[in-house]
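Working notes, beginning with the structure itself.
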Amino acid sequence: MKLRLCHLYPELLNLYGDRGNVLILRRRAEWRGIEVEVTRISLGDKLDPKDYDLFFLGGGPDQEQGVASADLVAKGPWLKEAVEAGAALMAICGGYQLLGEYYRTSTGETLPGVGLFAAYTEAGNKRLKGNIAIQVEELGTDRPVIGFENHGGRTFLKGARPLGRVIYGDGNNGTDQTEGARYRNAIGTYLHGPLLSKNPHLADYLLRLALQRRYGEVELPPLDDTLELAVNQSVYQRFLPKKGKW
Ligand code: GLN
């Protein structure tokens with residue numbers, strides 16, 4: 001099997017080590033004997049929707065989002081075509097915001113979005129930051145997805161399905177307990193950093209989504225995730241003492 005991963009705007013959208021997610025996906029696939037090809041696509045590059053099984057976009061400050069947004073909107077129809085055809089996608093924070101309908105920054109500038117997610121984002125006056133834990137039903141486990149968030153934008157879903165429900169933290173907007181968005185096999189989330197290193201259950205879920213388009217239902221042999229799960233649990237216990245152990 002071969003996984004073809006498209007890393008979009010790696011030099012612009014890479015806050016807090018978001019690109020670590022690409023390394024983790026590659027490693028977890030290679031440990032199962034799955035070949036991985038990563039293509040970096042950026043400003044002005046053509047994107048053939050048929051070439052990729054998985055797209056990744058990291059987060060970025062407003063300025064970098066401003067540089068990427070027009071180009072991303074131009075690539076939007078290709079991205080949508082790929083997602084409609086079953087490709088998987090993960091977008092973090094600034095990348096996630098640009099896949100909604102628009103992002104209005106704190107200076108009042110409106111960056112148009114791709115409209116893949118039925119959602120919009122507007123800057124609030126206080127940044128939403130700190131540790132976060134969410135429950136993602138599709139993972140089929142009580143184990144939460146943990147991470148950290150740092151965003152000025154508040155995202156409101158206008159019909160899009162949330163990725164998960166906030167257990168602790170702010171999520172999309174700090175008010176409605178939703179976190180991220182989901183459309184077909186595309187996932188948007190505010191959880192930053194090498195998110196997938198602390199959440200191997202989410203990493204494998206994404207790999208399965210990405211592989212199934214080409215290979216049908218794929219069983220991934222289990223890996224030894226003792227260390228990853230210990231980190232997941234210790235972060236959860238340290239920052240969420242009142243929520244207990246799962
Ligand atoms: N610039 C956006 C915001 O502050 C996204 C930042 C990020 O990716 N962390 O809302």
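With every protein chain kept in place and ligands, DNA and RNA left out, what is the accessible area per residue of segment 2-239? Probe 1.4 Å, answer in Å². Provide the component values of the computation, followed by the final result.
Values: 9940 Å² over 238 residues.
Ligands and nucleic acids excluded, the figure is 42 Å² per residue.
Shape analysis of the chain yields a ratio of the Cα radius of gyration to the Kirkwood radius, Rg/Rh, of 0.94. The alpha carbon radius of gyration of segment 1-60, expressed as a multiple of 2.2 N^0.38 Å, is 1.12.
Carbon-plus-sulfur fraction of the accessible area of segment 2-239, 1.4 Å probe, in percent? Numbers along the way, then the final one.
Numbers: 4920 of 9940 Å².
Of the solvent-accessible surface of segment 2-239, carbon and sulfur hold 50 percent.
The values are calculated or read from the model by the stated rules, or taken from the named source; none is laboratory data. This is a predicted model, so every value here is computed, not measured. Remember, those area values only see protein heavy atoms, side chains included, never the ligands or the DNA or RNA. Shrake-Rupley method; radii C 1.70, N 1.55, O 1.52, S 1.80 Å.
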